[in-house]
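Participant: Dropping a structure here in structure tokens format, bear with me for questions.
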Amino acid sequence: SDWSSDVCSSDLVGTLGVLRAAPFDGEERWFLFAVAGQASQVIERLDALERERKVRLQIEASRAQLEFLTEMTNRLVPKMREVSQDEWAILRAFVPMVVPRLADACVVRIVEDHRLAVVAETGPPEFLGPLRSILSNLRHRQEWEIVGAGGVAVVDDLTRDVIAALAGERFADGAWPSLRSVRSLAHVPVLVEGEAIAVVSLVTGRALSDRTFSEEADGPFLSVVGDRLSMLTENARLLDRGRRIAEIFQRTLLPDTIPAVPGIEVATRYVPSKIEDEVGGDWYEMVELPDGRVVAAVGDIVGSGIEAAAAMGEFRTCLRTLALEGLAPGRLLERLSEFALGLGRGYATAFVCAIDPLGGELRFSSAGHPPAFLVRANGDVEALEGASSVPLAVESGIAYPEASRPMTPGDTVFLFTDGLVERRGESLDRGLDALCGMLAHPHLSVDGLVNRVLDGAVGGLDQRDDVAILAVRLLAGIQRLDLRFPAEAASVARFRDDVRSWLTEQGIAEREADELVLAVSEATSNAVEHAGRPELPVALTAELRGDELVLS
């Protein structure tokens, strides 16, 4: 009763009892109080040290967890680009990070066809097999109900009874000898749009470590890990979906088909970027003109994504319209630049050439674009330079110069965008020189030549820009016949005779020649009959373009 009032304000952790036959005097009693007080101070100091140790351990654990989350983000974010090739790339890359830092084994399962299929695992092989059998059945168990709702399910002691509850008595009898080394399990869900699409199961082993998962100690951190895995997986899918939409949109704006022009062999390719998150504005176009010429062009819109793809579609439409007006390449680029300025979508580059198969001439002009290459039939390769100016939409009133080269049967003009030759850390000249070497194979078909270039320049590389290619080869020369006779009945027979002689010289079969001569006879008779003025001539033109004959 003498000391109860002194300790009532503190926690009582024990008593100091001293027994003897003789009573304690006052001095002895106060000595015993002093001994008890010293013991209290020691206990309080030890308690403070223990609390400090626990705090320090918590800080160290928190620091380790933060470091793991940071490393996890740094290592998995680059894997987001690989989801288009491997849907589970992020989860596969996560597994090696877990062992042995968080667990002694890890198994990743995906929800597939009403069951859980293993897509990645690591850990001691002696219990991974039986463990995998258990985990594949968890979807219909209590743990799956927790995981399916987005929670972390923890089995803190994997006993035989737990195995029997998870997979049945028969399985428990056979699996328990192999699984007795497993201490605990933690199942972490991966959610996309609120639905569990995968489960990451972390395992601790009795003989491997002293770790045991508990819901109270490990649940909050594992929940954060699951949230980050879910976020990365969902964002990767959204990124891939957006990229696919943009790529599909761009492909729909490129020509479905290239016109089949007699005497011309054409090959085209569009290769989207493998690295960047958005498609670019690369394009190609070819237009056949009524006079037999062909306009071929490639271009690149500055920027990327849906806006660049939309601008590309507008550029192509405008170029087709201007080409059909018969504009020369330089004048066409001048008008296209004015259009781009009015469009207000930023700069663009383009290379335009006009091929005259009959005259054997190639005219070209460039708006800030890499030069096209002219591949001669004998294997010589020439960069088409000397007719270049600034990109489109830089300034109003810019004149674009033109240049020309002779073009003979077997020659190929190779147009491309800069993604084919530009590499980070390398000069453009190096890429152009390499391309020049790859083109020196005129014995290949145009399609084969394009494939060779793509295999050499792009194959196996993660090119950071889109690539558009348009290659045009001039085949055997066009044979032409021009006739002009007065608009009188006697001229019809002259048309028939001259056309028949010319068809025979070209090796046209007699039966086909008869049908063609009959068509010529009917057409020239109508022209003579309806001319109205005999002094005006009737003109007939016949062009043999490869396997096609055109009569006008």
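Each reported figure results from applying straightforward, stated rules to the coordinates on display, with no laboratory input. Note that the structure is predicted; figures quoted are calculated from it, not measured. With ideal geometry, Cβ positions are generated from the backbone for all residues, glycine too; neighbour counts draw on all protein chains shown.
Participant: What area, in nm² and to one decimal, does the C-alpha convex hull of the stretch 337-387 cast on average over all directions? Could the numbers behind the result be given before it?
Facilitator: Working: hull surface 18.7 nm².
Here the figure is 4.7 nm², rounded to one decimal.
Participant: Determine which residues of the stretch 343-358 fall in the zone a paramagnetic label at Glu314 would reach in this model, i.e. backbone nitrogen under 17 Å from the point 7 Å along Cα→Cβ.
Facilitator: Of the residues in the stretch 343-358, 343-350 have backbone N under 17 Å from the label point off Glu314.
Participant: If one puts a single equal scatterer on every Cα of the stretch 386-496 and applies the Debye formula without solvent, what log₁₀ I(q)/I(0) results at q = 0.12, 0.18, 0.19, 0.24 Å⁻¹?
Facilitator: Evaluating at q = 0.12, 0.18, 0.19, 0.24 Å⁻¹ gives log10 I(q)/I(0) of -0.64, -1.06, -1.13, -1.34.
Participant: While we're on this one: Over the Cα atoms of the stretch 376-428, how large are the radius of gyration and the largest Cα-Cα distance (Dmax), in Å?
Facilitator: Radius of gyration, then largest Cα-Cα span, for the stretch 376-428: 14.9, 42 Å.
Participant: Can you tell me how the stretch 429-545 classifies by the Cα gyration tensor, rounded, prolate or oblate, using a/c under 1.5 as the rounded cut?
Facilitator: Since a/c reaches 1.5 and a/b is larger than b/c, the shape of the stretch 429-545 is classed as prolate.
Participant: Computed on alpha carbon atoms, what radius of gyration and Dmax characterise the stretch 32-79, expressed in Å?
Facilitator: Rg, Dmax (Cα atoms, Å): 20.7, 70.
Participant: Would you kindly state how much longer the chain becomes between Arg430 and Arg53 on full extension, computed as 0.36 nm times their sequence separation minus their alpha carbon distance, in nm to one decimal?
Facilitator: Values: separation 377, 0.36 × 377 = 135.72 nm, distance 6.24 nm.
129.5 nm is the gain from fully extending Arg430 to Arg53.
Participant: Work out the P(r) tail for the stretch 186-231: percent of alpha carbon pairs separated by more than 11 Å, whole number.
Facilitator: On the way: 708 of 1035 pairs.
So the portion of pairs separated by more than 11 Å is 68 percent.
Participant: At a Förster distance of 41 Å, what's the computed FRET efficiency of Ala377 paired with Arg75, Cβ-Cβ distance as r, to 0.05?
Facilitator: Step by step, r from the Cβ atoms, then E = 0.20.
Participant: Can you pull the one-decimal nm distance between simple spin-label points at Glu361 and Glu488, each 7 Å off the Cα toward Cβ?
Facilitator: Once both label points are built, they end up 3.7 nm from each other.
Participant: Please give, to one decimal in nm, the separation of the simple spin-label points placed at Leu444 and Arg241, each 7 Å out from Cα toward the Cβ.
Facilitator: Modelled inter-label distance: 4.0 nm.
Participant: Which value results when the Cα radius of gyration for the stretch 285-442 is divided by 2.2 N^0.38 Å? Walk me through the intermediate numbers first.
Facilitator: Working: Rg = 15.5 Å, N = 158, 2.2 N^0.38 = 15.1 Å.
It is 1.03.
Participant: Okay, next question. For Ser521 and Glu234, what does the FRET efficiency come to when R0 = 60 Å and r is the distance between their Cβ atoms, rounded to the nearest 0.05? The partial results should precede the final answer.
Facilitator: Working: r = 73 Å, r/R0 = 1.22.
Here the calculated transfer efficiency is 0.25.
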